[in-house]
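Report on the following structure.
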Amino acid sequence: MEIWKRNLYICSCATFIVSVGTSQLAPILPLYISDLGITDTDEVARWAGIIFSGNFLMLAIFSPIWGRLSDRYGRKRMALRASFWLAFVLAGMGLAQNVGHLTLLRLLQGALSGFQGACIPLIAQETPQEHSAWALSIYFTGQVTGALIGPLFGGWLSGFVGYRGSFFVMGGLCLLGFLAILFVRETFQPTAARKQITWTAAAKSLRSPHLILGLFLTTLLVQFAIISILPVLTLYVSELSDGGVPIALVAGCIFSASGFAGMISASRIGDLADHKGEARILFASLLLAALTLVLQGVARTSWELGCLRFCMGIATAGLLPVINALIRRYTPEEAFGRVYGVTQTFQFIGMFLGSILGGHIAAALSIPSLFFLSAALLLFNAFWCRAYLWNT
């Protein structure tokens, strides 16, 4: 097997394992906070929001730093460092004595991890240009599949080992990801062995800086549009459902619908992007995502919403992997780590803003208005893509 394919499959398996571990946190976090002595429901919700979003904020701040170090020392080393740190800090959360300890560990998780931010440039650098969109989509499939299975597995597991025990299992899974990355064969020669370029030189080396900046902003807006809906989706399901329907079960199915669609369609969409052009697939995906968001805002039943979330998953499968493939096209190899680090920053800023502002916007306007706003942002991105990327 070719080295780049071997590395791709190893990294995809590793990110699947790590995603299964890290995504278990969401469903048990409020319950664990209650176990740590916070009994008031409003206080639990407030602390859960702080702890959950704090990780995104720290990732946004520190991703460019780890990206620069990956250019200097190699992406494999950064992936090993990040996965080992995740194993350590998640196990540490199982030993937290109060909510302050948990908050500090969550912030440290974001500041010192960056596993995905190391693996994406590793795959990009090792994969031939003509296969980059397909390869990144395969990686995306592993990540999304792990994120789908993680909450289900975590909810089931906590009933057997308890909330503290679940964190030790999370850490053990991240350690397995660390062991998998050991088998990656990185061919890239770190710039420490050559001439280490500065940030200014890295920026000047970009072939089309204005397009890179546009792709950064597209990443931010895409993540905002996706994440901002999630805090209020269960409430929306409750509004659309008839009485007597198990809201938690229906909401869980609707949450999973988009991820399942992305899992089964990502590799095909990546292959299309390699053959038809990344910009065209990105444009089509943005239009489809905007359309499905508008339709979600006028859905009449929870089942209509579920079908539209499935279509949304197909659209989002053609967004981040294709954006990363386009960034790879315009970025010289010696600056991959830094540029993808900045990409991660914009991605996590979008996730942070979406998780913080989504509920506030829905409360101030309405839940359907949030869908319409997100659709407008993606439609704006689609027209930018058509104007500036179509013929590249």
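Laid out as a table, the results:
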| item | result |
| --- | --- |
| Only listed residue being surrounded by fewer than 20 Cβ atoms within 10 Å (Cβ to Cβ), small (Gly, Ala, Ser) and either modelled with pLDDT of 85 or more or assigned by TED's automatic domain parsing to the domain that holds GLN296 (or both), chosen from SER374, SER355, SER366 | SER366 |
| Yes/no for ALA266 being within 17 Å of the chain's Cα centre (by Cα) and aliphatic (A, V, I, L, M) | yes |
| Unique match (being touching a helix residue (DSSP H, G or I) at 6+ places or on another chain (Cβ under 9 Å), buried (at least 18 other Cβ atoms within 10 Å of the Cβ), closer than 19 Å to SER355 by Cβ and among the small types (Gly, Ala, Ser)) among GLY49, GLY54 | GLY54 |
| The stretch 90-101, residues that are assigned to a helix (DSSP H, G or I) and surrounded by fewer than 23 Cβ atoms within 10 Å (Cβ to Cβ) | ALA91, GLY92, VAL99, GLY100, HIS101 |
| Cβ pairs under 8 Å, 6+ apart, first in the stretch 155-181 and assigned by TED's automatic domain parsing to the domain that holds PRO27 and free of Cβ contacts under 8 Å to residues at least 24 places away in the same chain, second surrounded by fewer than 20 Cβ atoms within 10 Å (Cβ to Cβ) and assigned to a helix (DSSP H, G or I) | VAL161/PHE168 |
| Residue within the stretch 153-164 that is more than 29 Å from LEU8 (Cβ to Cβ), crowded, with 19+ Cβ neighbours inside 10 Å and polar (S, T, N, Q) present | yes |
| Members of the stretch 84-125 found to be on the phi < 0 side of the Ramachandran plot and either outside the structural domain of ILE138 (by TED's automatic domain parsing) or of a type in the set (Gly, Ala, Ser) (or both), listed by number | ALA87, ALA91, GLY92, GLY94, ALA96, GLY100, GLY110, ALA111, SER113, GLY117, ALA118, ALA124 |
| Search result, residues across the stretch 119-157 that are among the aromatic types (Phe, Trp, Tyr) and farther than 19 Å from GLY270 by Cα | PHE153, TRP156 |
| The stretch 303-344, residues that are part of a helix (DSSP H, G or I), buried (at least 20 other Cβ atoms within 10 Å of the Cβ) and either among the hydroxyl-bearing types (Ser, Thr, Tyr) or outside the structural domain of SER285 (by TED's automatic domain parsing) (or both) | THR316, TYR340, THR343 |
| Selection from the stretch 345-368 of residues that are in a helix (DSSP H, G or I) and either within 13 Å of the chain's Cα centre (by Cα) or polar (S, T, N, Q) (or both) | THR345, PHE346, GLN347, PHE348, ILE349, GLY350, MET351, PHE352, GLY354, SER355 |
| Residue within the stretch 59-76 that is crowded, with 21+ Cβ neighbours inside 10 Å and not in a helix (DSSP H, G or I) present | yes |
| Cross-chain or 6+ apart pairs with Cβ under 7 Å, the stretch 83-106 first and over 30 Å from ILE10 (Cβ atoms), then of a type in the set (Phe, Trp, Tyr) and surrounded by 19 or more Cβ atoms within 10 Å (Cβ to Cβ) | VAL99/TRP47 |
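The values are calculated or read from the model by the stated rules, or taken from the named source; none is laboratory data. Computed from a predicted structure; not experimentally measured. Here the Cβ is made from the backbone with ideal geometry for all residues, glycine too, and neighbour counts use every protein chain on show.
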